[in-house]
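> There's a structure below that I have some questions on.
The values are calculated or read from the model by the stated rules, or taken from the named source; none is laboratory data. Predicted model only: the values in this text are computed from it and were never measured. Here the Cβ positions follow ideal geometry from the backbone for every residue, glycine too, while neighbour counts run over all protein chains shown. When the accessible area is computed, the model is the full protein with side chains, heavy atoms only, and any ligands, DNA or RNA have been set aside. Shrake-Rupley method; radii C 1.70, N 1.55, O 1.52, S 1.80 Å.
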Amino acid sequence: MYHAILPNQYHHAAQRFLQQLPELATTSPLCRRLKPVSLLIDIAPFTLAAQPHSFIAAQFDLSPRAARRRDNVIRQLLVLHEPDLYQAVLNLEQATPDEVTRQAFAFKSWLSELLSTSVMPCAYCASLNTVRIGQRLNFRCKACRRTFNPLKIYQLDKLSHCELWLPFIDMLLQGETCKTVNRQLGINTATAAKWQRYFLWIMSQQGFTLLANHCRTLRRRHYRQTRVNG
Ligand SMILES: [Zn+2]
């Protein structure tokens, strides 16, 4: 998980830390009250990738407080045993706009390519003799005569209006609230919230974790602002 996010020169230290961790977790007084030890070990790669507590909590089905405590203990162990690596994690948190921009571009390219594709091997028999039918990215296979939707593996077949997805992603990248999305794209706020959930999930699934976190952070900031401004 940290491989995609942490700069290469720290991978060795990260690996060393993860190898040391089982021993540290059982002997360090810092970990005494945090059982099970295996959970700490599972969370560590997320800490190394500077993932927010909310994300760690969701991944491991923990309360935000339990996630924060464990994340903090791992950070303290880092300070003690791999201070340079810890500094690298802190640097990650300062958000690296270049990397976010790169991921945003890559994600949008991936999605628009997926949406505009006219050639897709059959999901059932892998034949290339398929044709695209209609706007919703359905394909019919001429070999086995079945229809399939390549968006299904990303669960995107559950979202409508694919012509609005890219403009929606742009708004997501700017941290716009569902209300603003509703005003500008005409989709209702419940749908906007659903789209947001799906696309953030897909970003993480596709390895664009930094991008997904960036969107979440911006969104939180915007909500706070709109609340303050009434
Ligand atoms: Zn087929």
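> Restricted to the stretch 154-191, and to residues that are more than 19 Å from the chain's Cα centre (by Cα) and either within 16 Å of the ligand (Cβ to nearest atom) or part of a loop (DSSP other than H, G, I, E, B) (or both), which residue is farthest from Thr117 (Cα to Cα)?
The extreme case among them is Asn188.
> Another one. Considering the stretch 125-153 alone, what residues qualify as being of a type in the set (A, V, I, L, M, F, W, C) and part of a loop (DSSP other than H, G, I, E, B)?
Cys125, Ala126, Leu128, Leu137, Ala143, Cys144, Leu151
> Report yes if some residue within the stretch 209-224 is closer than 30 Å to Leu48 by Cβ, surrounded by 13 or more Cβ atoms within 10 Å (Cβ to Cβ), in contact (Cβ under 8 Å) with a residue 24 or more places away in the chain and of a type in the set (Gly, Ala, Ser); otherwise report no.
No, there is no match, as no residue in the stretch 209-224 is closer than 30 Å to Leu48 by Cβ, surrounded by 13 or more Cβ atoms within 10 Å (Cβ to Cβ), in contact (Cβ under 8 Å) with a residue 24 or more places away in the chain and of a type in the set (Gly, Ala, Ser).
> Ok, one more. Give me the pairs, please: first residue somewhere in the stretch 125-139 and within 23 Å of Leu164 (Cα to Cα), second residue anywhere and of a type in the set (A, V, I, L, M), beta-carbon distance under 7 Å, and either six or more positions apart or on two chains.
Leu137/Leu115; Leu137/Leu151; Phe139/Met120; Phe139/Val131; Phe139/Ile133
> Still on this structure: Which of (1) open to solvent by less than 20 Å² (accessible area, probe 1.4 Å); (2) at pLDDT below 90 is the odd one out, the single condition Ala192 does not satisfy?
Condition (2) is where Ala192 drops out.
> Looking only at the stretch 118-152, filter to residues that are away from the ligand (no atom under 16 Å from the Cβ) and surrounded by fewer than 14 Cβ atoms within 10 Å (Cβ to Cβ); which one of those is nearest to the chain's Cα centre (by Cα)?
Within the stretch 118-152, the match that is nearest to the chain's Cα centre (by Cα) is Arg136.
> Can you tell me which residues in the stretch 89-117 are surrounded by 13 or more Cβ atoms within 10 Å (Cβ to Cβ) and either outside any helix (DSSP H, G or I) or more than 29 Å from the chain's Cα centre (by Cα) (or both)?
Of everything in the stretch 89-117, those that are surrounded by 13 or more Cβ atoms within 10 Å (Cβ to Cβ) and either outside any helix (DSSP H, G or I) or more than 29 Å from the chain's Cα centre (by Cα) (or both) turn out to be Ala95, Thr96.
> Among the residues of the stretch 15-67, which ones are small (Gly, Ala, Ser), surrounded by 15 or more Cβ atoms within 10 Å (Cβ to Cβ) and more than 20 Å from Arg220 (Cβ to Cβ)? Walk me through it before giving the result.
Initially, the stretch 15-67 is screened for residues small (Gly, Ala, Ser), giving 25, 28, 38, 44, 49-50, 54, 57-58, 63, 66-67.
Next cut, surrounded by 15 or more Cβ atoms within 10 Å (Cβ to Cβ) only: 25, 28, 44, 49-50, 57, 66-67.
Answer for the stretch 15-67, where residues must be small (Gly, Ala, Ser), surrounded by 15 or more Cβ atoms within 10 Å (Cβ to Cβ) and more than 20 Å from Arg220 (Cβ to Cβ): Ala25, Ser28, Ala44, Ala66.
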